[in-house]
Amino acid sequence: PYTTLFRSPAAIEKITPYVQPDDRLYLDFEDGVGPFPATEITCRLDIHFRLIIVPQSYPEEGLAIYDTPLTTPLGTIWLKQGAQVYLEEQTRMQVEPTYQRLQLVGNSGILANDVQLLRIEKQTAGR
């Protein structure tokens with residue numbers, strides 16, 4: 001499933017400059033669970049995903065919740081447990097033309113309007 005996730009050349013072009021050899025990529029459903037919590041507590045009514053890029057040396061602690069590997073032209077992207085219910089089998093990431101935001105789109109329409117692209121170099125103290 002989700003084999004068409006990164007077939008958009010524009011999305012690949014937008015993400016590629018942030019990815020280094022041996023990086024690990026995570027498609028994170030922002031629910032406050034896991035090693036990459038948002039800096040503020042939110043009560044979001046919309047579905048929000050983040051594409052998080054970390055170096056191979058990033059600590060493994062807490063990463064077991066990303067248990068679904070997605071094979072993409074960018075390499076393996078790990079999806080968080082339970083996030084599949086918010087995606088469709090034909091989900092794809094695209095670049096919104098006006099504001100150049102990454103979006104997750106399915107056959108039913110926009111699934112996530114603004115997918116944040118984050119590169120995290122090292123674990124923050126206290127996490």
**Fill in**
Residues in the stretch 58-68 that are outside any strand (DSSP E or B) and surrounded by fewer than 12 Cβ atoms within 10 Å (Cβ to Cβ) total 4
**Request:** Find all pairs meeting these conditions: Cβ atoms under 6 angstrom apart; at least six residues apart or on different chains; first residue within the stretch 74-88 and free of Cβ contacts under 8 Å to residues at least 60 places away in the same chain and under 13 Å from D31 (Cα atoms); second residue aliphatic (A, V, I, L, M) and in a helix (DSSP H, G or I).
**Result:** K80/I65; Q81/I65
**Prompt:** Among the residues of the stretch 69-125, how many are open to solvent by 90 Å² or more (accessible area, probe 1.4 Å) and assigned to a loop (DSSP other than H, G, I, E, B)?
**Reply:** 11
**Item:** Meets criteria (modelled with pLDDT under 80 and either at negative phi or touching a strand residue (DSSP E or B) at 6+ places or on another chain (Cβ under 7 Å) (or both)) for R7
**Value:** yes
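The values are calculated or read from the model by the stated rules, or taken from the named source; none is laboratory data. Since the structure is predicted, the reported quantities are computational estimates derived from the model, not experimental observations. Virtual Cβ from ideal backbone geometry, glycine too; neighbours counted across all protein chains shown. Ligands, DNA and RNA are stripped out before the accessible areas are found, and what is left, the full protein with its side chains, is counted by its heavy atoms. Shrake-Rupley method; radii C 1.70, N 1.55, O 1.52, S 1.80 Å.
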